[in-house]
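Asker: Quick one: the structure is below, questions incoming.
The values are calculated or read from the model by the stated rules, or taken from the named source; none is laboratory data. In this text the structure is predicted, and so the values were computed from the model without any measurement. Backbone-built Cβ (ideal geometry, glycine too); neighbour counts: all protein chains shown. Side chains included, ligands, DNA and RNA excluded: accessible areas come from the protein's heavy atoms. Shrake-Rupley method; radii C 1.70, N 1.55, O 1.52, S 1.80 Å.
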Amino acid sequence: IFSLLRGTIVHDFQQLHKRYGPVIRIAPDEVTFARADVYSEILQPREQFLKDPVWWAKQPGNPDSIINAINPETHARMRKCLAPAFTMRALRAQEPILQQYINLLIERLTQLINDSSSPGKTEFDIAPWFNYITFDIFGDLGFGESFNCLENSRYHPWISLLFNSVKAASFVAAARFYPLVEFLLLSIIPPSLKKMQQDHYQQIVDKVERRLNYELERPDIMSHVIATDDKSGFSRDEINATFMVLTTAGSETTATVLGGTLNYLVSYPDKLDTVSNEIRQRFQTFEDITLDSLSSLPYLNAVISEGLRLCPPIPWVLPRKVPASGATVCDTWLPGGVSCPPLSLNDLLTATRRLQYRFRRIL
């Protein structure tokens, strides 16, 4: 819990795995694995390992979302509805939207360099810019309207609230280990904080409402949700809850991987030169860079895969509950909880193709 609140839990687990091996007990009733075959044994067994409510359960009174839906039937219903929005076919249809914001990012960075007193040696923090573009893209694909981060070169006020809510989630998860602490914590939340939380949620409700009222069909994520009824897809409350968590899951995570990958590249100039040369030799103009053409660049795609391996954007473990009857995982008999921390697991995975497949499975 101390590691969780400090924000170092994945790194602490990684060190423990390096010291004690691929299977370690981290609490009286919790075991963590760092073996390549743990995904198939936990996520694809005959008897399901459900999400651990301590980490995943929704707050009392809140609707289910795609992230915290513990019931397998509820999650399957939601996933079936959303999955078509993330296929390559859907991505190609969304490419003009992606290109629009990528061009704006390049324009803003170019302006930043030209406005510098020494354009040849301009230094700036790239991390906020990666967040600007990913939040703007998801705002457009999810709600039909950008957050205008790139346009204004700063975070939308709602996004600042979102970052704070992510930090608060760690405290909520920690409190759940002690029901009395959780009860007291929920009891003493000041009215001002509750109102902030309600305002935060209401902004999502308003954005969803505006998008649902669009008469123009557009190839975004919401279009796939609208195409189904409540019984086979999402209820209105489930749409609001899901798109609130997807705003973070579809934005900050991508920015984190991009920032981490670029950090590694600038730390190894020879690798940066290799990927830069591959791109510049392949394309003569910005307009030549498309989704299809990028798929033919082997070194660039290897860099992206390695970035996902080294910088998984999941800042905690992925806990599952062992079935009531117990189960054997990686030759270890388990009567209690189980988890597989991505950073520790990625340390042991070297096949990038297999890694990409595993990440798609868990998401």
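Asker: Kindly provide the set of residues from region 138-167 that are part of a helix (DSSP H, G or I) and open to solvent by 30 Å² or more (accessible area, probe 1.4 Å), ordered by number. Can you show your working first?
Answerer: Pass one, region 138-167, residues part of a helix (DSSP H, G or I): 138-143, 149-152, 157-167.
Of everything in region 138-167, those that are part of a helix (DSSP H, G or I) and open to solvent by 30 Å² or more (accessible area, probe 1.4 Å) turn out to be GLU151, ASN152, PRO157, SER160, LEU161, PHE163, ASN164, SER165, VAL166, LYS167.
Asker: Another question about this same structure. Can you tell me which residues in region 131-164 are closer than 14 Å to GLU252 by Cβ, among the polar types (S, T, N, Q) and in contact (Cβ under 8 Å) with a residue 40 or more places away in the chain?
Answerer: Selection gives ASN131, THR134.
Asker: Can you pull out the residues in region 240-284 that are open to solvent by 50 Å² or more (accessible area, probe 1.4 Å), aromatic (Phe, Trp, Tyr) and in contact (Cβ under 8 Å) with a residue 40 or more places away in the chain?
Answerer: Within region 240-284, TYR264 is the sole residue that qualifies.
Asker: For GLY7, only one of the following conditions fails: (1) in contact with a Pro (Cβ under 8 Å, 6 or more places away or on another chain); (2) closer than 23 Å to VAL166 by Cα; (3) surrounded by 14 or more Cβ atoms within 10 Å (Cβ to Cβ); (4) not hydrophobic (A, V, I, L, M, F, W, C). What is its number?
Answerer: Exception for GLY7: condition (3).
Asker: Test of understanding: among LEU186, LEU216, LEU180, which residue is in a loop (DSSP other than H, G, I, E, B), open to solvent by 40 Å² or more (accessible area, probe 1.4 Å), out of contact with any strand residue (DSSP E or B) (no Cβ under 8 Å at 6 or more places or on another chain) and of a type in the set (A, V, I, L, M)?
Answerer: LEU216
Asker: Could you list, in sequence order, the residues of region 289-316 that are farther than 30 Å from SER170 by Cα and open to solvent by 70 Å² or more (accessible area, probe 1.4 Å)?
Answerer: Within region 289-316, ASP292, SER295, PRO298, TYR299 meet the criteria.
Asker: Name, by its number, the condition in (1) hydrophobic (A, V, I, L, M, F, W, C); (2) without any contact (Cβ under 8 Å) to a residue 60 or more places away in the chain; (3) not in a helix (DSSP H, G or I) that does not hold for LEU104.
Answerer: (3)
Asker: Test PHE234 against the stated conditions and say whether it is touching a residue at least 12 places away in the same chain (Cβ under 8 Å) and out of contact with any Phe, Trp or Tyr (no Cβ under 8 Å at 6 or more places or on another chain).
Answerer: yes
Asker: Continuing with the same structure: Take region 107-130 and flag every residue that is of a type outside the set (D, E, K, R) and either in contact with a Cys (Cβ under 7 Å, 6 or more places away or on another chain) or free of Cβ contacts under 8 Å to residues at least 12 places away in the same chain (or both). Walk me through it before giving the result.
Answerer: Of region 107-130, the ones of a type outside the set (D, E, K, R) are 109-114, 116-120, 122, 124, 126-130.
Residues satisfying the conditions are THR110, GLN111, ILE113, ASN114, SER116, SER117, SER118, PRO119, GLY120, THR122.
Asker: On to the next question. Which members of region 219-239 meet the condition of being under 20 Å from ILE137 (Cβ atoms) and either exposed (fewer than 14 other Cβ atoms within 10 Å of the Cβ) or not small (Gly, Ala, Ser) (or both)?
Answerer: In the first step, residues of region 219-239 are kept if they are under 20 Å from ILE137 (Cβ atoms); the result is 219-226, 239.
Hits for region 219-239 are PRO219, ASP220, ILE221, MET222, HIS224, VAL225, ILE226, ILE239.
Asker: For residues that are in contact with a Leu (Cβ under 9 Å, 6 or more places away or on another chain) and open to solvent by 40 Å² or more (accessible area, probe 1.4 Å), scanning just region 57-81, find the one that is nearest to GLN14 (Cα to Cα).
Answerer: Taking region 57-81 as the starting set, the residues that turn out to be in contact with a Leu (Cβ under 9 Å, 6 or more places away or on another chain) are 59-60, 65-67, 70-72.
Then drop every residue that is not open to solvent by 40 Å² or more (accessible area, probe 1.4 Å), which leaves 59-60, 67, 70-72.
Details: GLN59: 30, PRO60: 33, ILE67: 25, ILE70: 27, ASN71: 30, PRO72: 30 Å.
The qualifying residue nearest to GLN14 (Cα to Cα) is ILE67.
Asker: Continuing with the same structure: Does region 325-348 contain at least one residue that is open to solvent by less than 30 Å² (accessible area, probe 1.4 Å), modelled with pLDDT of 85 or more and among the polar types (S, T, N, Q)?
Answerer: no
Asker: Considering region 273-311 alone, what residues qualify as being farther than 22 Å from GLU107 by Cα, among the aliphatic types (A, V, I, L, M) and over 22 Å from the mean Cα position of the chain (by Cα)?
Answerer: Listed by number, the list holds a single entry, LEU297.
Asker: Could you give me the residue pairs with C-beta distances under 7 Å whose first residue belongs to region 1-23 and is more than 18 Å from PHE177 (Cα to Cα), whose second residue is open to solvent by 80 Å² or more (accessible area, probe 1.4 Å) and among the aromatic types (Phe, Trp, Tyr) wherever it lies, and which are 6+ apart or on separate chains?
Answerer: Hits for this filter: zero, empty list.
Asker: While we're looking at this one, here's another question. If only one of ASP220, ASP237 is more than 15 Å from TRP158 (Cα to Cα) and under 21 Å from the mean Cα position of the chain (by Cα), which one is it?
Answerer: ASP220
Asker: For region 32-54, which positions are surrounded by 20 or more Cβ atoms within 10 Å (Cβ to Cβ) and either within 24 Å of GLU238 (Cα to Cα) or without any contact (Cβ under 8 Å) to a residue 40 or more places away in the chain (or both)?
Answerer: Once the filter is applied, which keeps residues that are surrounded by 20 or more Cβ atoms within 10 Å (Cβ to Cβ) and either within 24 Å of GLU238 (Cα to Cα) or without any contact (Cβ under 8 Å) to a residue 40 or more places away in the chain (or both), region 32-54 yields PHE49, LYS51, ASP52.
Asker: When region 107-133 is examined, which residues are found to be in a helix (DSSP H, G or I), over 23 Å from PHE163 (Cα atoms) and open to solvent by 40 Å² or more (accessible area, probe 1.4 Å)?
Answerer: Within region 107-133, GLU107, THR110, GLN111, LEU112, ILE113, ASN114, PRO119, GLY120, LYS121 meet the criteria.
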